[in-house]
Amino acid sequence: MSIDRRLVTIICLLLVAAAVIYVTLEKPPEDAEDSIVFRETMYYRNIGNDTVECGICFRRCIVAEGDLGYCRNRKNIDGTLYNIVYGKPSAIQVDPVEKEPQHHFLPGSQILCIGTAGCNFHCRFCHNWPLSQRDVETVGRTFERSPADLVEEAQRRGIPTISFTYNEPTSFYEYAYDTAKLAQEAGINVIFHSNGSMSPEPLRALLEYTDAVTIDLKAFDEDFYRDVTEGRLEPVLDTLEIIRQEGVWLEIVNLVIPTLNDDPEQIRQMCRWIATNLGTDIPLHFNRFSPAYRLPTLPATPVDTLEMAYEIAKEEGLQFVVIGNVPGHERNSTFCPECDSPLIERHHFTVNEVHLDDGHCSNCGREIPGIWQP
């Protein structure tokens, strides 16, 4: 590919990503609030002189009066820490649940996806960077939607699940928490997609009102987390164990990035950790990287690299391993670990056929873990 064609390809990818995240509802509900005020944050403490310590994630930001935390969504105003994106989503969209990705959660169903500005990571490869790497003042469009508005919208459209996604839910925790609580009371499912950096106490509180979680395990290497995401690995591993302990359905995504986290031995160590600490029935998605944000010159992940990762995971005993972001690949479907017959046949985000009888393989009868349609 020539340099000119490569640039055109990169620009097209960025434009598509920007278009996707700004798709929203047609218009605000007629009874939407005119202005949603800041919400005092949960899990912080005043440490004197109007300075506060935020406890929502592993960073434990010390925030002086008038300043913002690392995620740019929590502001200290006169010694009180406020969530300044509460009720101000920048992305509201209806997606298939497979896009989350969740493969063992109501396959073929729709989810109402919510995202705001801000994130507590700075991943160099983020494809949602126009949201996550901007604050509420520079992100562009925002919409006034209270938690009640979101629940009512899901009910009106007959959508069974609300998902907190696109950017990091930790950075809009109070908005997610209040919405999740109302949604569960109304019989609406709740899922969220996270980098896994939430502190244990707020995580456990949110999990009380959550049906399923997708966690990005971005690599199995502290140096990668420090240099490529400005995050840390250890809190993510703690998060995965807590979700498993709380009995909330869990799926893991590993975006395989050429030269950065595609070392076979590192992938093997990651898979072995998952099998040992979480169990062999956790679905693991190996997703293909495409050039994005601050890594526009890296190539897309070779398909044979993803297939190598798939084989390693199977060798380490993981039962439900899929290859993502490669439309048409056979192993994007889910197969029975007992008889290897297809359980859920997919083409990218579209479910073509489901071969399950009351949560069991329709061919051999093996029970398949997940949350299935009645």
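The values are calculated or read from the model by the stated rules, or taken from the named source; none is laboratory data. Given the structure is predicted, the values throughout are model-derived calculations rather than measurements. For neighbour counting, all protein chains shown are included, and Cβ atoms are generated from backbone atoms with ideal geometry for every residue, glycine included.
Of note:
- Restricting segment 36-61 to residues that are of a type in the set (Val, Ile, Thr) and part of a loop (DSSP other than H, G, I, E, B) leaves a set whose member that is surrounded by the most Cβ atoms within 10 Å (Cβ to Cβ) is 56.
- The conditions of being crowded, with 17+ Cβ neighbours inside 10 Å, touching a residue at least 24 places away in the same chain (Cβ under 8 Å), closer than 18 Å to residue 294 by Cα and in the same structural domain as residue 295 (by TED's automatic domain parsing) are not met by residue 252.
- Test: residue in segment 181-191 that is among the basic types (Lys, Arg) and surrounded by fewer than 23 Cβ atoms within 10 Å (Cβ to Cβ): yes
- The residue that is surrounded by the fewest Cβ atoms within 10 Å (Cβ to Cβ), counting only those in segment 337-364 that are outside any strand (DSSP E or B) and either of a type in the set (Asp, Glu) or at pLDDT below 95 (or both), is 358.
- Condition check for residue 141: basic (Lys, Arg) and touching a strand residue (DSSP E or B) at 6+ places or on another chain (Cβ under 7 Å): no
- Picking from residues in segment 209-229 that are more than 17 Å from the chain's Cα centre (by Cα) and touching a residue at least 24 places away in the same chain (Cβ under 8 Å), the one that is nearest to residue 285 (Cα to Cα) is 220.
- Flag for residue 114 being assigned by TED's automatic domain parsing to the domain that holds residue 236, under 25 Å from residue 211 (Cβ atoms), at pLDDT below 95 and in contact with a Phe, Trp or Tyr (Cβ under 7 Å, 6 or more places away or on another chain): no
- Being assigned to a loop (DSSP other than H, G, I, E, B) and of a type in the set (Ser, Thr, Tyr) is a condition met by at least one residue of segment 195-202.
- The one condition in (1) without any contact (Cβ under 8 Å) to a residue 60 or more places away in the chain; (2) part of a helix (DSSP H, G or I); (3) in contact with a strand residue (DSSP E or B) (Cβ under 8 Å, 6 or more places away or on another chain) that residue 192 fails to fulfil: (2)
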